[in-house]
Amino acid sequence: MKWFPRWAALALVLLLLVGLALLLHQRPSLVQVDLVTRGAIAQSVLVSGRINAAARLELGSEVSATVQEVLAREGDRVRAGAVLVRLSDAEAQAALQQAQALLAEARARASQQVTLNAPLAEQTLRQAQAQAQAVEREHLRVRELVAQGFFSQQRQDDSQRALETARSALAQAQLQVQAQQRNGVESQLARARVQQAEAALALAQARLARLLIKSPMDALVLARHVEPGGMAQPGRALLSLAALGGLRIDVAVDEQHLGLLSLGMPARALADAFPNQPFEATLSHLSPAVDPQRGTLELRLALDPAPAFVRPDMTVSVELLGPSRTQALLLPALALRAADTSSPWVLRVRDGRAERVPVQLGLRGIGMIEVLSGLAEGDWVIAQTEATVPGERVRPRAPAAPAHGLQLPGLVVR
């Protein structure tokens, strides 16, 4: 038997290796696939938020004074106008009594002006008129007698002076009557003194009222910052209050979800402390600007009505319920490639090969995405985790069981 040359043996081995490589190349790759189906999808946004009151305030004092009594504790529900803190008011009470006495005096003087001074002035005027008439008649008689030579000129001069004096008294009495009339000077002064006294009394009452710290609204007492004997000072909080009946939810949403949000949008909330008692909310406010540091948008959701167990500052999970469809074409999210670009695509299995197909997307959810065009119900698509290239021969592997009930921040499918 004649042996093959060494080069022939090497060539034979090389041919065998090439044939094996061609055989392996033609053998299809086993790939994980998912099925395109039809079903219901709803797009929503899941965020964490916090219960807040429609109005919160720090109740303080306008004046510096010693705290005499604190009538509210943390957790108390108080009515609008209820006295919550009493401050020391001895000096203010004395000022109030003084103002009341001054007002009583001013009113008494005004009454005296009407009941006594005005009638007295009228009486004085009548007397002055009678006196002036008598003196004038006497003066005429004296002047005639002087002309006839019975009286001296001195007597006529004395009569003239008496007449001038009577006329002056009459003019003064007339002025006094005018002053005592309703629009006269004395009446106006009397009314002005009453008004000044009333203003002084109102000021004293206002100063006294500032020593009674009242609730401006129906509220819940959140914190008590002072005790009897302490010092109240302007700018220092005595009590922290939250308005009752106007609770809301404050949340911050990533700006990428802005297109899904609209006023009046329904939402479902769940408090961490009461996981089995969900409650409804409504989107009532969208911040006009995006936070440039965090890239978030501030939202407010109204609670109407708020559950009895809800408290200010309580942490809640909120699902903002967006648009939904019942017979949407659904693509598993793990099959989508270039998802964050303007040209997403998938690898579809067709005739045993991987085919690149551009797709147009609709609603997005965790795990599933709506396909508007590019695919059909029943198509098999290759998971993006597979290192498959377009045109490659493939053989589908059974898809893994989908996960249900996944709840993550962001988009969710129900």
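The values are calculated or read from the model by the stated rules, or taken from the named source; none is laboratory data. On a predicted model such as this, the values are computed, not experimentally measured, just so you know. Backbone-built Cβ (ideal geometry, glycine too); neighbour counts: all protein chains shown.
What to note about this one:
- Which listed residue, of Ala192, Ala204, is surrounded by 18 or more Cβ atoms within 10 Å (Cβ to Cβ) and either touching a Leu at 6+ places or on another chain (Cβ under 7 Å) or outside the structural domain of Val310 (by TED's automatic domain parsing) (or both): Ala204
- Criterion (over 30 Å from Ala53 (Cβ atoms), outside the structural domain of Ala219 (by TED's automatic domain parsing), out of contact with any helix residue (DSSP H, G or I) (no Cβ under 7 Å at 6 or more places or on another chain) and not in a loop (DSSP other than H, G, I, E, B)) met by exactly one of Val381, Val318, Val346, Val394: Val394
- Candidates in segment 350-368 are the residues that are at pLDDT 90 or above and either outside any strand (DSSP E or B) or of a type in the set (A, V, I, L, M, F, W, C) (or both); of these, the one that is nearest to Arg38 (Cα to Cα) is Leu361.
- For the residues Ser61, Ser159, Ser111, the requirement of being hydroxyl-bearing (Ser, Thr, Tyr) and more than 30 Å from Ala200 (Cβ to Cβ) singles out Ser159.
Residue-by-condition table, conditions (1) modelled with pLDDT under 90; (2) closer than 21 Å to Ala190 by Cα; (3) part of a loop (DSSP other than H, G, I, E, B):
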residue: Gly75; (1), (2), (3): yes, no, yes
residue: Leu116; (1), (2), (3): yes, yes, no
residue: Gln123; (1), (2), (3): yes, yes, no
residue: Gln127; (1), (2), (3): yes, no, no
residue: Leu145; (1), (2), (3): yes, no, no
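- Ser317 polar (S, T, N, Q) and exposed (fewer than 14 other Cβ atoms within 10 Å of the Cβ): no
- Of all residues making up segment 321-343, the number that are more than 24 Å from Val253 (Cα to Cα) and in a strand (DSSP E or B): 8
- Residue check for Ser317: of a type in the set (Ser, Thr, Tyr), at pLDDT below 90 and out of contact with any Cys (no Cβ under 8 Å at 6 or more places or on another chain): no
- Selection count, segment 189-221, where residues are assigned to a helix (DSSP H, G or I) and among the hydrophobic types (A, V, I, L, M, F, W, C): 14
- Filter pass, Arg141 being assigned to a helix (DSSP H, G or I), over 30 Å from Arg236 (Cβ atoms) and modelled with pLDDT of 80 or more: no
- Pairs linking a residue in segment 134-152 that is more than 16 Å from Ala169 (Cβ to Cβ) to a residue that is outside any helix (DSSP H, G or I) and modelled with pLDDT under 75, with Cβ atoms under 7 Å and 6 or more positions apart or on different chains, are Val142/Phe151; Leu145/Phe151.
- For segment 222-269, the tally of residues that are closer than 30 Å to Glu62 by Cβ, of a type outside the set (Asp, Glu) and not in a strand (DSSP E or B) stands at 13.
- Count of segment 46-70 residues which are surrounded by 13 or more Cβ atoms within 10 Å (Cβ to Cβ), among the aliphatic types (A, V, I, L, M) and farther than 30 Å from Leu320 by Cβ: 4
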